[in-house]
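What follows is a set of notes on a single structure, which appears directly below.
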Amino acid sequence: MPSPSPVFVAGTGRSGTSRIADVIGQHPLIHRIPMETKFLVEPGGLRDLADALTDRYDPIVGEDALHRLSDFLTVRVPGRRDDRGKTVPELVGERRYRDAVHQLWPQVIAHAFEEPAPAEGFGDGDRPAGPFGPASRRRVVPRYFRDRSELIGVLRGLVDTLFGGAAADAGKPTWCEKTPFNLFYLDFLWELVPEATIVHIKRHPISVLASHLAQPWAPSTVDGALAYLLPVYDRWLAWRNAADLTTRRYVEVKAEDLAADWPGQRRALFERLGVEDAVTASTFQADKLAHRDDQFDADTRAYVERELGEIIPAMGYEWRPSDLSRSRDGRARKSRR
C-alpha cells in the first residue's frame, strides 16, 4: 500500500476533532501534530499572507500581513503551551521551527529599510528634540507574487519542513493536523497541500451546543451559544452545498456512527485514508457521547431544536416534523440560561 497522504481534521468544535485526530495519529503510518498549530488558517496566518501578497497586494497590506505573521510565528505560537506544558516549536523540534521561520522571511520580503521615527518633544526641522538622535523602526517591502502558485510553494515548504520533519522524527511517513475551523478553509488547505485528505467529523448539533455551554471560551447561555453556532453551521452548509468534492480527498464521519460500531467504522476510516486497519488506544464510545442527552429540560430542548431548525437534517441527523413550526423566525425567541 502506498504512503498515505497528509491529513487535516476539521469540525465545528466540540464535535470530536481531538479524539479523531488522536485515533488517526495512533496509526503506525501517521503522526499527529500534538496540538493545534493555528497559523495555517487563523487571522494573521499563512492564509492571510497568501491573499495579501497576491490578489490583495499593495505594499501596506503586504507589510501588515507580514507583521501579523511575524507576531504569530515568533510570539504567539512559541508562547502558547498545551496541557502538558509543551509549545509547537518543542513538539516539532525547536531548532527546526526557528530555522524554518527565519528562512521564510527572505523569500517573502523584497527589501528592508530603516524609517526614522518622528522626534518627540521640542525640535527644529531635522534636528532632534534632545541630545539623542531620532530612533528608527524596521520596515519591509513585501514581495508581490504575480504567480500565486509560487508563493504557495514557499508556504508549502514551511509546512513540509515543520510537519514532515516532526513525522520523520516519529518514524512515520506522513502527518495529521487538527484545527476545528479548518472547516472553513478547505479550499486553501487543498491549495496548500493538494494531496491532503480532509476529515470532517460531525456530531449532533444539539450535543455540540450543549458541550459549548461548558467551555470557558464560549457563551454560557443557550441563546449565546446559539448566536455563536448558527452562523458556523450556516456558513459551512452554504459552502458545502456549492462545492464539488468529487475529485477531492474528503471524508465525512459522524461521531455517533463511530461509537455505534467502533471496529467496523475505524476500519472504514483507515481504508478511506489509504492505510490498513490498526488498533488504536483512543476510541469512540457511545456512553461518552450520550452524557449530554439529558443536559436540557424538555422545554429548553424543544426550543433549541426549533432554533437549529433545518440545520439538524442538513447535517445528516433526524428531527421531528413539529420542529419546523417555529424554526429561526425570531418570533419564539426568549432568553434561556
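Suppose we flag chymotrypsin sites (Phe, Trp or Tyr not before Pro) only when DSSP calls them loop and at most 10 other Cβ atoms lie within 10 Å. Which is the longest uninterrupted stretch of the chain? Between exposed loop sites, the widest span is 1-121. Rounded to the nearest 20, the Cβ-based charge dipole of the chain about its Cα centre (Lys and Arg +1, Asp and Glu -1) stands at 500 debye.
Our summary of shape: the Cα atoms of the chain have principal axis extents of 77, 56, 39 Å, ordered from largest down, in whole angstrom. Available extension along the chain between Gln26 and Trp105 is 25.0 nm, counting 0.36 nm per residue and deducting the alpha carbon span.
Looking at the chain, the accessible area is 50 square angstrom per residue; that uses a 1.4 Å probe and ignores ligands, DNA and RNA. When the solvent-accessible area of the chain is split by element, carbon and sulfur atoms take up 50 percent of it, the probe being 1.4 Å. Ranking Thr197, Ser149, Gly79 by Cα position along the charge dipole of the chain, where only Lys, Arg, Asp and Glu carry charges on their C-beta atoms, puts Gly79 farthest toward the positive end. Here segment 1-117 is assigned +1 on the Cβ of each Lys and Arg and -1 on the Cβ of each Asp and Glu. Its dipole about the Cα centre then comes out at about 740 debye.
Debye-formula intensities of segment 208-302, expressed as log10 I(q)/I(0) at q = 0.13, 0.15, 0.17, 0.25 Å⁻¹, are -0.69, -0.88, -1.02, -1.18 (one equal scatterer per alpha-carbon, no solvent).
Loop sites here are GluC sites (Glu not before Pro) outside DSSP states H, G, I, E and B with no more than 10 other Cβ atoms within 10 Å. The longest part of the chain free of them is 1-194. Trypsin sites (Lys or Arg not before Pro), restricted to segment 128-225: which are DSSP loop and have at most 15 other Cβ atoms within 10 Å? Hits after loop and neighbour filter: Arg146. Computed over protein heavy atoms with a 1.4 angstrom probe, the accessible surface ordering of Ser70, Ser282, Ser220, Ser136, largest first, is Ser220, Ser136, Ser70, Ser282. Between the residues Thr54, Ala65, Ile33, the greatest Cα displacement towards the positive end of the dipole of segment 15-84, with unit charges on the Cβ of Lys, Arg, Asp and Glu, is found for Ile33. Shown is the FRET efficiency for Ser136 and Arg267, computed with R0 = 56 Å from the Cβ-Cβ distance and rounded to the nearest 0.05: 0.35. Under a 5 Å amide H cut-off, with hydrogens placed 1.01 Å from N, Trp175 pairs with Val7, His31 among residues at least 5 apart or on other chains.
Note on the chain: GNM, Cα springs under 10 Å; of Gly274, Gly164, Gly16, the largest mean-square fluctuation is that of Gly274.
The values are calculated or read from the model by the stated rules, or taken from the named source; none is laboratory data. Since this is a predicted model, take the numbers as computed values, not measurements. Cβ coordinates were reconstructed from backbone atoms using ideal geometry, including for glycine residues, and neighbour counts include every protein chain displayed. What goes into the accessible areas is simple: the full protein's heavy atoms, side chains included, and nothing from ligands, DNA or RNA. Shrake-Rupley method; radii C 1.70, N 1.55, O 1.52, S 1.80 Å.
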